[in-house]
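Enquirer: Input: one structure, supplied below.
The values are calculated or read from the model by the stated rules, or taken from the named source; none is laboratory data. Not measured: the values here are computed from a predicted model. Glycine also receives a Cβ, built like all others from the backbone with ideal geometry; neighbour counts cover every protein chain displayed.
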Amino acid sequence: MTARLALLGHPVAHSLSPAMMTAAFRALGLDASYEALDTPPGTLDATLASLWGDGYLGANVTLPWKSAVRAALGSVDLLALRCGAVNTLVRTDAGFVGTNTDAPGFARAVIEAGASLSGQRVVVLGAGGAARAVVVAAEGEGAASITVLARDAAKAGALGPAAGFGTPAARSAIAEATMLVQTTPCGMTGGPPGEAIVAASELSCCAPGALAVDLVYTPQPTPWMLAARASGLRVLDGVGVGMLVHQGAVAFERWFGREAPVEVMRRAVTGAR
């Protein structure tokens, strides 16, 4: 019997997840399918009921439903609660359980890039869902400190210790950081215009050799990565793509109980961009 999986979101036509997951299934000879299901406002509950009734093994969840889907599920795990969002559904006898694979996906991507979150003084740029996953990952991996910088002070404060945008406290956090993580879509191909939260001119305040990570995965390198490298920071290449691949790999492992073919999934993502 074919194991059926899906991606829920709106829009989803641009997603690389179907190519990535289909490549994994083929590499391991699994009888499984993965489809992108556009889920406009007002259709989430009905879509979840349909997935359950049709025997789906699980699903991934993307914008705009990562937060809203929590209320529609009977159960979410601790990781999803800490991240404040669900991006993966796993079928159990009692119903779908929601979890979050973004945080472990980020931690794996950092390790793969040759670094560690342990002991780092991390400054997170942005306060959206990706930023929350980075905060949770950094906490779990033993970061020495975490400071969130965002234009929306209330959202930043909700994630943990925050420094007001453009304040002396923010400049001090940047100067003392050993790792900066850019989590906004700034600089993304087709993304919103605007300057990054920590602009190129401010990167020169960072300690030489501090790590710079940009979660935007296209283009590569991003303008922010180029500016960071020019300012003497050590840029961790490929973490944006790595996080996408590894969050998918963690989901795959939850669904099938076996190791995901990470390199196959990476080639599918980079080849589809």
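Enquirer: Counting only residues that are part of a loop (DSSP other than H, G, I, E, B) and without any contact (Cβ under 8 Å) to a residue 24 or more places away in the chain, how many does the range 99-137 have?
Expert: Let us first name the residues in the range 99-137 that are part of a loop (DSSP other than H, G, I, E, B), namely 100-101, 113-120, 126-128.
Then keep just the ones that are without any contact (Cβ under 8 Å) to a residue 24 or more places away in the chain; that gives none.
Adding up the residues that qualify gives 0.
Enquirer: Take the residues in the range 108-119 that are surrounded by fewer than 23 Cβ atoms within 10 Å (Cβ to Cβ) and either touching a Leu at 6+ places or on another chain (Cβ under 9 Å) or not small (Gly, Ala, Ser) (or both), then tell me which one is nearest to residue 245 (Cα to Cα).
Expert: 108
Enquirer: In the set 26, 4, which member is farther than 21 Å from residue 64 by Cα, basic (Lys, Arg) and assigned to a helix (DSSP H, G or I)?
Expert: Exactly one of 26, 4 is farther than 21 Å from residue 64 by Cα, basic (Lys, Arg) and assigned to a helix (DSSP H, G or I), namely 26.
Enquirer: Name the single residue that is surrounded by the most Cβ atoms within 10 Å (Cβ to Cβ) among those in the range 23-48 being of a type in the set (A, V, I, L, M) and under 19 Å from residue 256 (Cβ atoms).
Expert: Once the filter is applied, the top-ranked residue is 24.
Enquirer: If you don't mind, there's one more thing I want to ask. Only one of (1) on the phi < 0 side of the Ramachandran plot; (2) under 14 Å from the mean Cα position of the chain (by Cα) fails for residue 73. Which number is that?
Expert: (2)
Enquirer: Okay, next question. So which residues in the range 200-250 are among the hydroxyl-bearing types (Ser, Thr, Tyr) and touching a Gly at 6+ places or on another chain (Cβ under 9 Å)?
Expert: 204, 217, 218, 222
Enquirer: A further question follows. Six or more apart or on different chains, Cβ under 7 Å: which pairs go from a residue in the range 252-271 that's closer than 19 Å to residue 59 by Cα to one that's among the acidic types (Asp, Glu) and part of a loop (DSSP other than H, G, I, E, B)? Could you list them?
Expert: Qualifying pairs under 7 Å: 253/259.
Enquirer: Given 195, 176, which one is at pLDDT below 80, among the charged types (D, E, K, R) and over 18 Å from the mean Cα position of the chain (by Cα)?
Expert: Among 195, 176, only 195 is at pLDDT below 80, among the charged types (D, E, K, R) and over 18 Å from the mean Cα position of the chain (by Cα).
Enquirer: Continuing with this model, one more query. Give me a count of the residues in the range 140-163 that are in a helix (DSSP H, G or I) and either in contact (Cβ under 8 Å) with a residue 24 or more places away in the chain or assigned by TED's automatic domain parsing to the domain that holds residue 86 (or both). Give the steps one after another, and end with the answer.
Expert: Of the residues in the range 140-163, the ones in a helix (DSSP H, G or I) are 140, 153-159.
After this cut, where a residue has to be either in contact (Cβ under 8 Å) with a residue 24 or more places away in the chain or assigned by TED's automatic domain parsing to the domain that holds residue 86 (or both) as well, the list is 140, 155-156, 158-159.
Result for the range 140-163: 5.
Enquirer: While we're on this one: Within the range 82-95, track down each residue that is hydrophobic (A, V, I, L, M, F, W, C), in a strand (DSSP E or B) and buried (at least 23 other Cβ atoms within 10 Å of the Cβ).
Expert: Within the range 82-95, the first condition is being hydrophobic (A, V, I, L, M, F, W, C), and the residues that meet it are 83, 85-86, 89-90, 94.
Now narrow it down to the ones that are in a strand (DSSP E or B): 89-90.
Of everything in the range 82-95, just one residue is hydrophobic (A, V, I, L, M, F, W, C), in a strand (DSSP E or B) and buried (at least 23 other Cβ atoms within 10 Å of the Cβ), namely 89.
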